[in-house]
Structures are given as structure tokens and as C-alpha cells.
1. Normalised by the residues of the chain, what does the relative contact order come to in percent, with Cα pairs under 8 Å and at least six apart?
2. Angle between the Cα long axis of helix 142-156 and the longest principal axis of the chain, 0 to 90 degrees, nearest 10?
3. Carbon and sulfur: what percent of segment 115-163's accessible surface (1.4 Å probe)?
4. Return the percentage of antiparallel bridges among DSSP beta bridges fully within the chain, rounded to the nearest 5 %.
5. Going by a ≥ b ≥ c, the root eigenvalues of the Cα gyration tensor, does segment 1-102 fall in the rounded group (a/c under 1.5), the prolate group (a/b larger than b/c) or the oblate group?
6. Calculate how steeply helix 106-116 sits against the longest principal axis of the alpha-carbon atoms of the chain, using the helix alpha-carbon long axis, and give the answer as 0 to 90 degrees to the nearest 10.
7. Where Lys and Arg each count +1 and Asp and Glu each count -1, what net charge lies around GLY41 among other residues with Cβ under 14 Å from its Cβ?
8. Based on Cβ point charges of +1 for Lys and Arg and -1 for Asp and Glu, what charge dipole magnitude is obtained for segment 71-141 about its Cα centre, in debye rounded to the nearest 20?
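The values are calculated or read from the model by the stated rules, or taken from the named source; none is laboratory data. In this text, all values refer to a predicted model and were calculated from it rather than measured experimentally. Cβ atoms come from the backbone with ideal geometry, glycine included; neighbour counts cover every protein chain shown. Side chains included, ligands, DNA and RNA excluded: accessible areas come from the protein's heavy atoms. Shrake-Rupley method; radii C 1.70, N 1.55, O 1.52, S 1.80 Å.
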Amino acid sequence: MPSVSPGTGAALRMLAATADAKAVAEIGTGTGVSGIYLLLGMRPDGVLTTVDPEPERQQFAKQAFRAAGFAGNRARFIPGRALDVLPRLADGGYDVVFCDGDRTEYPAYLDESLRLLRPGGLVCFEGVFADGRTVDSGVQPVEVLTLRELLRTVRESAELVPSLLPVGDGLLCAVRRG
């Protein structure tokens, strides 16, 4: 399972610090690499809520967080599909939402993120370059077409101030206007 690049991780750490993040939601726990970067940028009393359909990955990430020196109460692990779990999270309760799950669900993650974020909060999507396929004019799979739709939606939204960061495989970030 690929983890975020060091450049993407550094950007996530910096963005979490810039947002003075106390509450971060992560879609796609993976091996815990992105979670560690987010925790490094968050306030010392901040809590990362991380969602993943694979409990085994979350166990691995839990060990990685502990090995990195984070107390057990700094992360809340919720197993399950993101679109089943996200509706149960608090409206306006998050400073940052990081999306690194099923790319075909990114537009739905955006909708949920807008509900979860406080005004001035930040949403980020990993992997939006799709190994360069989002700008390739050839026939593309549904995942790439969905990423193009997400990029267009974020760019055209009056509710968001977006930026596409050229780190890793592309990190699309947007601040929710107040």
C-alpha cells in the first residue's frame, strides 16, 4: 500500500500547523504515514480521527503512531467505509479533512468535508494527478474522470479557495470560506 511522499507529508504537516488544527479527519488510514505528518503539525492537544475500511491497517497505524511517540488519546480510529462513517461525524467540528481513500468517491468526500469543516477549515485530496493521467487527452478510466470532475468542482466553487500543490502525486487543497 503506497504511502504519501515526503513532500506531501511535509505539506500536510505545514498545513495542519498553519490551521492550528485541533481536530483533523483523515479518510484512508493506510499505514499511518500521513497521520503521523498530520499529528506533527497539529496542536499538542489535537486529535486525529482516521477512517479506513481495513481494521488491520488501523492496527498497523496505531503501532506506528505509538512508535512515533504519540499518546494513544491523540488518535481515534474508526473502521468502516468513509461514506458510512463521515455522516456520523460532527458538523463544523474539524479544522482539516485529508482525503486519501477511494478516488471514485472523492466528489462525495468533498460534500461531506464541507459539512465537517469549520469556516476557514481546509480540505485536501491526495493523488489528484493520477500519475499524470488527469491531463492526458487519451481515453481514461472512471477514476481519472472523477478526479477531473473534482478539480473542476473545487475550482468553480464560490465556497472554496483552492490551490493545487505539485507534491507527490498532486495535493489539491482548498480553504472553506467563512
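1. Values: 350 pairs, mean separation 36.2, N = 178.
Here the relative contact order equals 20 percent.
2. The angle comes out near 90 degrees.
3. Carbon and sulfur: 56 percent of the exposed surface of segment 115-163.
4. Just about 35 percent of them are antiparallel.
5. On the way: a/c = 1.33, a/b = 1.09, b/c = 1.23.
It comes out rounded by the Cα gyration axes.
6. 50
7. Numbers: positive: ARG13, LYS22, ARG43, ARG74; negative: ASP20, GLU26, ASP45, ASP95.
Here the count lands on 0.
8. Working: 8 positive and 11 negative charges, 60 e Å.
The calculated dipole for segment 71-141 is roughly 280 debye.
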